[in-house]
1. Calculate one ³J(HN,Hα) per residue across the stretch 187-202 by plugging θ = phi - 60° into the Karplus curve 6.51 cos²θ - 1.76 cosθ + 1.60, and present them in order as whole Hz with x for glycine and proline.
2. By accessible area of protein heavy atoms, probe 1.4 Å, what ranking do Arg8, Arg216, Arg243 get, highest first?
3. When Rg is the radius of gyration of the Cα atoms in the stretch 79-162 and Rh is its Kirkwood radius, what does Rg/Rh come to?
4. Among 123-132, 224-233, how do they line up from the highest to the lowest mean number of other beta-carbon atoms within 10 Å?
5. Over the Cα atoms of the stretch 1-91, what Rg and Dmax result, in angstrom?
6. Work through the residues other than Leu66 whose Cβ is under 14 Å from its Cβ and net out their charges, Lys, Arg +1 and Asp, Glu -1.
7. Heavy atoms only, 1.4 Å probe, whole protein assembly: order Asp210, Asp70 by accessible area, highest first.
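The values are calculated or read from the model by the stated rules, or taken from the named source; none is laboratory data. Just so it is clear, the structure is predicted and the values come from calculations on it, not from any experiment. Virtual Cβ from ideal backbone geometry, glycine too; neighbours counted across all protein chains shown. The accessibility values were calculated without ligands, DNA or RNA, using every heavy atom of the protein model including side chains. Shrake-Rupley method; radii C 1.70, N 1.55, O 1.52, S 1.80 Å.
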Amino acid sequence: RKLLKARRSGVVSSVEAALFTSQWARAMQIDAVWVLVRPAPRGPGPAISPASYTQGLLAIQYEGELRWQDPTCTVCAPYELRPDMEGASAYAWGLTKTREPTQGLLVATTSGDETTFALEASAALSLRLALQSGMADRSTRAAEWLAENATLTKVDGLGTAGEPVTATVVGGAPAFWPEADPDGSLWMGWVGERRWVGAPTGADALYEGDALTWSRSTSAGVTTETLTIVDRRVPAETLATLREVQSQTTLPEPSVSPEDEAEGAAEGAVEDAPPPATED
């Protein structure tokens, strides 16, 4: 569409926003170009046709560094990109791919029926993006994104772009896994670490794959499960193998402190000692 027509409509697409912003940037003598992007969940795009490149970003050269701007993301901080726009095929002069995905962190700590979440970087942005739709009941939507069948009781930092977010829910279990695609694979959304801390759930275990690593360990009656996503597209075969490892449900033996172990050894030595000699 022509610029004037788009402005009169009051609504612009992602591609139009990138184009208009690049024109403004060049008018301000800022070295910027608009870039067509194929969303990362759709996989690599063809290099000969822009037909499947449905999103637009701005690439800015600043002090010898290439920076990216998402002109249609209303919850992104400056130079913060939606996770689906990172590590994605790009269509522009001299560019074939957007920047590498930003590492995120999500830590869920459960005590009783209450779970507290701490989210940083791309994890926090993913929550903000999830709340853009369904604005009528943000609390319900936030609870569903964080944990299944839970009720949100507290959230901090959500309204400040780029900042960490903390949230507390009652009930439910942390929702680390999205729904599978028709081929059985998963698109995990963002790379980085998802960690859960709570009551013992099974034996210590470890799985290391190309797309992800997962571990479970228990110490002093507290279990920590850590899921690290390396490649956001997780194959069905990887998931099947991981499920087998996770099914090791035998709980570990209660840990014994060095002091208790020493005390037990001393008691055993007394019990095994021969009886004292008696005089005839």
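1. Karplus-based 3J(HN,Hα) across the stretch 187-202 equals 9, 7, x, 9, 8, x, 10, 10, 10, 10, 10, x, 5, x, 10, x Hz.
2. Arg8, Arg243, Arg216
3. In the stretch 79-162, Rg relative to Rh is 1.07.
4. Ranking the peptides 123-132, 224-233 by packing returns 123-132, 224-233.
5. Every Cα atom of the stretch 1-91 included, Rg and Dmax give 13.2, 37 Å.
6. Surrounding charge for Leu66 is -2.
7. Asp210, Asp70
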